[in-house]
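**Student:** Please see the structure below; I have some questions.
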Amino acid sequence: MRMPAASSTRSGREAVVVGSGPNGLVAALVLARAGWAVTVLEAASKPGGGMRTEELTLPGVMHDVCSAIHPLAVGSPAFRELTSGDKTLADHGLEWVHPEVPLAHPLDGGRAAILERDVNTTAEGLGTDAGAYRHLFGPLVEAGFDLTDGLLSPFTIPPRHPLTLARYGMNGIRGAERVARRRFETDEAKALFAGLSGHSILPLDAPATAGYGLMLGVLAHLVGWPMARGGSRRIGDALVGLLADAGGTVTCDTTVRSLAELPAADAILFDVTPRQLLAIAGDALPARYRKSLARFRYGPGVFKLDWALDGPIPWTNPDVARAATVHLGGTLDEIVVSEAAPHAGQHAEKPYVLLAQQSLFDTDRAPAGTHTAWAYCHVPNGSTVDMTDRIEAQVERFAPGFRDRVIARHAMGTADIERHDANYIGGDINGGSGDLRQFVARPTLGLHPWRTPLDNVYLCSSSTPPGGGVHGMCGWHAAHEVLRRHH
Ligand SMILES: Cc1cc2nc3c(=O)[nH]c(=O)nc-3n(C[C@H](O)[C@H](O)[C@H](O)COP(=O)(O)OP(=O)(O)OC[C@H]3O[C@@H](n4cnc5c(N)ncnc54)[C@H](O)[C@@H]3O)c2cc1C
């Protein structure tokens with residue numbers, strides 16, 4: 001099958017982007033705004049990749065199939081650029097909804113750690129750890145975007161604020177478990193830091209896991225942990241709208257299986273992971289590059305549940321209802337055990353669960369009286385184990401009576417997640433393990449990680465720096481790499 005070609009525009013250059021996740025769409029937009037003719041080809045019937053929202057349980061009840069909470073988008077330089085200027089994401093209907101507080105982490109006995117927008121208010125809630133919390137987060141939050149922009153740039157680009165990054169790196173390079181134990185005394189502060197760092201999908205004694213916790217905590221204070229009104233699909237819709245304004249097009253239901261199917265283009269950007277690139281372009285790639293792509297490692301998968309509820313989740317501690325995001329895993333010790341399990345090929349008995357309760361803050365999600373909740377836990381890559389009971393037991397533990405509120409549920413194992421989006425190999429939602437080695441060599445070691453040995457072929461997915469999450473920065477860096485080469 002031959003794919004549609006882009007029509008020529010003012011630069012005379014043409015690009016094809018394969019995949020319409022946040023990285024594919026941001027890459028397409030950067031090029032279209034630079035005057036390139038851009039065509040995006042998407043396998044699914046709707047654009048957006050990990051930003052789709054569907055009626056998974058009942059008609060009229062909207063569930064985020066993949067991503068739900070968006071500190072990385074709001075904080076990302078790419079999205080900030082698309083939020084200012086003549087035409088913005090808001091002009092295409094994107095509205096961020098902020099819960100009263102970014103995050104809650106309940107503990108047994110009705111206790112909870114609450115991450116507030118303000119560093120001091122958060123610290124005051126942590127009792128004897130108030131000073132330690134202020135000391136750890138205060139200076140990093142004061143550094144603001146100088147720090148977070150640096151962290152969303154690859155290490156191959158010299159940092160604009162090396163001292164700020166060095167201050168972050170002193171703790172960030174360490175394992176989260178060690179930092180939590182050395183810095184904090186209370187269950188609340190230790191658990192809060194463990195939950196934040198658990199987003200790394202790595203064992204919490206692994207190097208640099210503290211860095212994930214620090215980054216996400218800083219973003220909570222700096223920009224909040226919002227969601228998109230009406231669902232994450234609105235982010236994708238707004239990106240597609242801006243792309244159309246710039247003359248670009250998205251063609252859905254088009255799975256790219258080989259380079260030969262693609263129209264001639266000055267640049268072809270793949271929003272796919274190394275394993276897929278090997279299948280699509282392997283024959284054309286030099287053996288050495290093929291070998292290093294084949295060595296790229298995928299991380300654990302996720303098991304996900306979505307619920308339609310006939311009322312809000314009945315949290316024992318009412319403060320937990322102030323947050324859209326809730327980390328359920330109990331203490332630091334428990335989360336350490338739970339997050340080590342998938343790496344050892346095991347399923348945690350008491351998994352660390354990431355839960356979002358969007359409908360408490362966004363009435364567009366469900367008819368009046370109905371609520372939604374979204375949750376997942378980490379499992380070994382390719383797992384076939386049903387974690388429904390274990391996830392629901394964790395919710396029930398901190399919200400007795402939760403199960404009685406469930407009117408419909410929808411479960412996705414690792415194979416369902418990969419069927420929904422081929423980039424989630426074995427259920428890995430980050431486009432490859434984000435351990436220290438693959439933070440540096442992503443997807444291979446080199447100064448230009450988005451380039452491939454083929455002159456006009458680039459990778460722009462979360463398998464390139466800076467990695468997983470809806471921030472669009474992999475696509476943004478890849479597109480700027482293209483523009484630099486074709487200047
Ligand atoms: C359950 C879950 C929860 C998550 N929660 C969050 C969250 O709350 N916040 C957050 O920031 N991130 C979250 N993420 C991660 C986030 O969704 C991803 O990191 C992000 O979407 C990666 O963007 P991408 O553009 O690299 O790839 P994707 O968004 O995966 O997009 C890739 C696109 O390429 C298409 N494609 C693949 N192969 C082909 C082909 N051969 N031909 C044509 N098209 C192809 C796919 O269909 C897809 O549309 C979550 C992910 C999952 C699955």
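The values are calculated or read from the model by the stated rules, or taken from the named source; none is laboratory data. For clarity, every value in this text was computed on a predicted model and none was experimentally measured. Because the Cβ atoms are built from the backbone with ideal geometry, glycine has one as well, and the counts that use them run over all protein chains shown. Note: areas computed on protein heavy atoms with side chains; ligands, DNA, RNA excluded. Shrake-Rupley method; radii C 1.70, N 1.55, O 1.52, S 1.80 Å.
**Student:** What fraction of the Cα pairs in the stretch 318-357, stated in percent, has a spacing above 15 angstrom?
**Tutor:** Roughly 45 percent, rounded to a whole number.
**Student:** So, one more: Calculate, for the stretch 1-154, the solvent-accessible area per residue in square angstrom, rolling a 1.4 angstrom probe over the heavy atoms of the protein chains.
**Tutor:** Computed with neighbouring chains in place, this is 37 Å² per residue.
**Student:** Another question about this same structure. For the stretch 193-274, what is the accessible area per residue in Å² when the probe is 1.4 Å?
**Tutor:** Accessible area per residue, the stretch 193-274: 25 Å².
**Student:** Determine the order of Asp253, Asp333 by accessible area, beginning with the largest, at a probe radius of 1.4 Å.
**Tutor:** Working: Asp253 110, Asp333 90 Å².
Sorted by accessible area, descending: Asp253, Asp333.
**Student:** Another one. What percentages, rounded to whole numbers, describe P(r) for the stretch 1-115 computed over all alpha carbon pairs with 10 Å bin width beginning at zero?
**Tutor:** P(r) over the stretch 1-115, rounded to whole percents: 11, 30, 32, 17, 7, 3, 0.
**Student:** Just round it to a whole percent: the fraction of Cα-Cα distances in the stretch 108-241 exceeding 24 Å.
**Tutor:** Value for the stretch 108-241 (Cα pairs over 24 Å): 33 percent.
**Student:** Starting from the coordinates of the alpha-carbon atoms of the chain, obtain the Kirkwood hydrodynamic radius over all distinct pairs and give the value in Å to one decimal.
**Tutor:** Evaluated on the chain, it is 22.5 Å.
**Student:** Going from most exposed to least, what order do Thr255, Thr370, Thr128 have by accessible area with a 1.4 Å probe? Working shown, then result.
**Tutor:** Numbers: Thr255 50, Thr370 30, Thr128 105 Å².
So the residues, ranked largest to smallest area, are Thr128, Thr255, Thr370.
**Student:** Just round it to a whole percent: the fraction of Cα-Cα distances in the stretch 191-296 exceeding 19 Å.
**Tutor:** 68
**Student:** Something else now. Mind listing which trypsin sites (Lys or Arg not before Pro) in the stretch 19-89 are in a DSSP loop and have 15 or fewer other Cβ atoms within 10 Å?
**Tutor:** Counting only loop positions with at most 15 other Cβ atoms within 10 Å, the trypsin sites (Lys or Arg not before Pro) in the stretch 19-89 are Lys87.
**Student:** Nearest 500 deg cm²/dmol is fine: what mean residue ellipticity at 222 nm does the chain get from its DSSP H runs of n ≥ 4 alone, each adding -39,500 (n - 2.57), divided by its residue count? Don't jump to the answer; show the numbers that get you there.
**Tutor:** Working: 18 runs with 167 residues, N = 487.
Result for the chain, helices only: -10000 deg cm²/dmol.
**Student:** Computed over the Cα atoms, what is the radius of gyration of the stretch 154-220 divided by 2.2 N^0.38 Å, N being its residue count?
**Tutor:** 1.12
**Student:** Sticking with this one: Averaging over every viewing direction, what projected area does the convex hull of the Cα atoms of the stretch 445-487 cover, in nm²?
**Tutor:** Across all orientations, the stretch 445-487 yields a mean hull projection of 2.9 nm².
**Student:** Just to confirm the number: angle between the C-alpha axis of helix 187-197 and the first principal axis of the chain, 0 to 90 degrees, nearest 10?
**Tutor:** Roughly 10 degrees, rounded to the nearest 10.
**Student:** Here is a further query. Pick out, from His486, Asn381, Gly369, the residue whose Cα sits farthest towards the positive end of the charge dipole of the chain, with +1 on the Cβ of Lys and Arg and -1 on the Cβ of Asp and Glu.
**Tutor:** His486
**Student:** Quick check: at a probe of 1.4 Å, how many percent of the accessible area of the chain sits on carbon and sulfur atoms?
**Tutor:** The value for the chain is 52 percent carbon and sulfur by accessible area.
**Student:** Something else now. Quick one: Debye curve from the C-alpha atoms of the stretch 337-487, no solvent, what's log10 I(q)/I(0) at q = 0.17, 0.19, 0.22 Å⁻¹?
**Tutor:** -1.06, -1.18, -1.36
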